[in-house]
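For reference, the structure discussed in these notes is given below.
The values are calculated or read from the model by the stated rules, or taken from the named source; none is laboratory data. These numbers were taken from a predicted model, which means no experiment stands behind them. Cβ sites come from the backbone with ideal geometry, for glycine too, and all protein chains shown count toward neighbours. The protein model used for the area step is the full one, side chains on, heavy atoms only, and it has no ligands, DNA or RNA in it. Shrake-Rupley method; radii C 1.70, N 1.55, O 1.52, S 1.80 Å.
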Amino acid sequence: MTKSAGDKGKRPGELSSEDRTHLKRRLSGLGERLGKVRSRDRPASDENQRGRGIGYALRMSLDMVLAVVVGGAIGWFLDRWLGTAPVLLLLFGVLGVAAGFLNVARTYREMAAEAREASKGHTAKSVPFDDDED
Amino acid sequence: MASTEHGGEQSGGSMPDPMHQFEIDRIIPINFFGLDASFTNSSKWMLIALLVVAGFLILSMRGRSLVPTRAQSVAELAYEFIANMVRDNVGTEGMKYFPFVFTLFMFILACNMLGMVPYSFTVTSHIIVTFGLAAVVFIGVTVIGFIRHGVGFLKFFVPSGVPAPMLALLVPIELISYLTRPVSLSVRLFANMMAGHTMLKVFGGFVVALGFLGGWAPLAFMVAFTGLEVLVAFLQAYVFAVLTCIYLNDAMHMHH
Amino acid sequence: MEAEAAKLIGAGLASIALVGAGIGIGTIFGNYLSGALRNPSAAQGQFANLLLGFALAEATGLFGLVVAFIILFAF
């Protein structure tokens, strides 16, 4: 966890020139190796996208169901408050279904935009949200 | 809540109750003006999660070396991960809310991961905890929206370019859609954690029930499933943080 | 006691909704796969649609689950 005693001798900011060149060499070597590993992992970005897609799908199904539940709950409480038996429950249940579809449509648009971005070659998500559509 | 009627009596009574792990017991009973504010095992594990996160970040960053040690690079990795997430999803002006998102992520991650330790307690497997976290996000984001845009934030619920009669229908729909957010945020985390831990306990019961000869199959499954659960623990913390960022972005820039 | 038993039976019946969800998900993925094997170049573009179909089918199953929970805990 903590640094060893040898490390503690030199202050963080102070590096001797030989240390510096050594560090630079290591850094460029690391960059090269990173590049190699990244290029080897390039096909894995497809895998990565698939994983995110599953996440989207689970999110969509839950959002859809919960919108109906929330709408129904609002209707139920309003019904109990106003004493209008099942009218508002049904009304808000239907509105909840619509809200669920709205949720799904929104996530779908986001997902489709991301898939389009990804199929263009570079990985999505590195672009800010503001740039896609509208 | 469902703990009493199910569980225990399956398969001839040799199975342990899979819901037992979610029981709350009071360690130090505190009665706060008629409110039960006891220090429970849930509070204990929240405190432990807090100490783990704070201890790890403070200790690992104490060196502040240019070339990070292993622990320091893990801390920096976590920082960069969330900083990039906030920057990508909210933009640079969202970085003032970075401490909040980072705290949220680290806390949920620590709670989920500590829940994977045997004999521990999973704080996030209780809906009231996750709903509390989601409510903080939801109320905070709404307040931010109103502070930034004033009453104009209400336009968030009015879709543009729609004829007036349709609005009577669309505004309630938008409102319900907005109110779904904290519910789905909390239910997702809670359901994932609770289902996973119940499943682990049920299969653990199978191992015991099948004995030395037949118990190996569920044991192998449990090993694989534990790996999956660790992944889920991370993924749920990540999803919670990402959705917080997305909601923040909606409130700050007001478009869907 | 009888009401309790009826509740459990009702919740069990509500869980049958998962049959439909299973059939739906199977159909969607099966058809996607057979389509993707015929024309792999078009498969990537339809991945989002695949997930949409999956989510809608999954939602049906979750509705059944919600009904089961309502029967168990709300009555």
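If residue B:178 passes every condition in (1) of a type in the set (Phe, Trp, Tyr); (2) at pLDDT 90 or above; (3) closer than 23 Å to residue B:225 by Cα but one, which one does it miss?
Condition (3) is where residue B:178 drops out.
So that you can scan it fast, the table gives a plain yes or no per residue for (1) at pLDDT 90 or above; (2) within 20 Å of residue A:61 (Cβ to Cβ); (3) among the aliphatic types (A, V, I, L, M):
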site	(1), (2), (3)
C:11	yes, no, yes
C:24	yes, yes, no
C:29	yes, yes, no
C:41	no, no, no
C:51	no, yes, yes
C:58	no, yes, no
C:62	no, yes, yes
C:69	no, yes, no
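Tell me which residues, restricted to the range B:68-79, are exposed (fewer than 14 other Cβ atoms within 10 Å of the Cβ) and among the hydrophobic types (A, V, I, L, M, F, W, C).
B:77
Take the range A:33-85 and flag every residue that is at pLDDT 70 or above and small (Gly, Ala, Ser).
A:53, A:55, A:57, A:61, A:67, A:71, A:72, A:73, A:75, A:83, A:85, listed by residue number.
Return the residues of the range B:49-67 that are more than 10 Å from chain A (Cβ to nearest Cβ), closer than 15 Å to residue B:79 by Cβ and buried (at least 17 other Cβ atoms within 10 Å of the Cβ); say none if nothing qualifies.
Hits for the range B:49-67 are B:53, B:57.
Table: residues versus (1) more than 7 Å from every other protein chain (Cβ to nearest Cβ); (2) of a type outside the set (Val, Ile, Thr); (3) part of a helix (DSSP H, G or I); (4) buried (at least 16 other Cβ atoms within 10 Å of the Cβ).
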site	(1), (2), (3), (4)
A:73	yes, yes, yes, yes
A:77	yes, yes, yes, no
A:88	yes, yes, yes, yes
A:100	yes, yes, yes, yes
A:104	no, no, yes, yes
A:114	yes, yes, yes, yes
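In this structure, does residue B:21 turn out to be within 20 Å of residue B:117 (Cα to Cα) and open to solvent by less than 70 Å² (accessible area, probe 1.4 Å)?
So residue B:21 passes the test.
Would you check if residue C:64 is free of Cβ contacts under 8 Å to residues at least 24 places away in the same chain, open to solvent by less than 70 Å² (accessible area, probe 1.4 Å) and not β-branched (Val, Ile, Thr)?
So residue C:64 does not fit the description; no.
Got a number for residues in the range B:207-220 being part of a helix (DSSP H, G or I), open to solvent by less than 80 Å² (accessible area, probe 1.4 Å) and either hydroxyl-bearing (Ser, Thr, Tyr) or without any contact (Cβ under 8 Å) to a residue 40 or more places away in the chain (or both)?
Number of matching residues: 7.
Every residue, every condition in (1) in a helix (DSSP H, G or I); (2) on the phi < 0 side of the Ramachandran plot; (3) more than 13 Å from chain A (Cβ to nearest Cβ); (4) open to solvent by 70 Å² or more (accessible area, probe 1.4 Å), yes or no:
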| position | (1), (2), (3), (4) |
| --- | --- |
| C:7 | yes, yes, yes, no |
| C:19 | yes, yes, yes, yes |
| C:31 | yes, yes, yes, yes |
| C:36 | yes, yes, no, no |
| C:42 | yes, yes, no, no |
| C:47 | yes, yes, no, no |
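Is it true that some residue in the range B:167-189 is in contact (Cβ under 8 Å) with a residue 24 or more places away in the chain, open to solvent by less than 20 Å² (accessible area, probe 1.4 Å), in contact with a Pro (Cβ under 6 Å, 6 or more places away or on another chain) and not aromatic (Phe, Trp, Tyr)?
no
How many of the residues making up the range B:221-256 are open to solvent by 30 Å² or more (accessible area, probe 1.4 Å), more than 30 Å from residue B:160 (Cα to Cα) and within 14 Å of chain A (Cβ to nearest Cβ)?
Here the count works out to 5.
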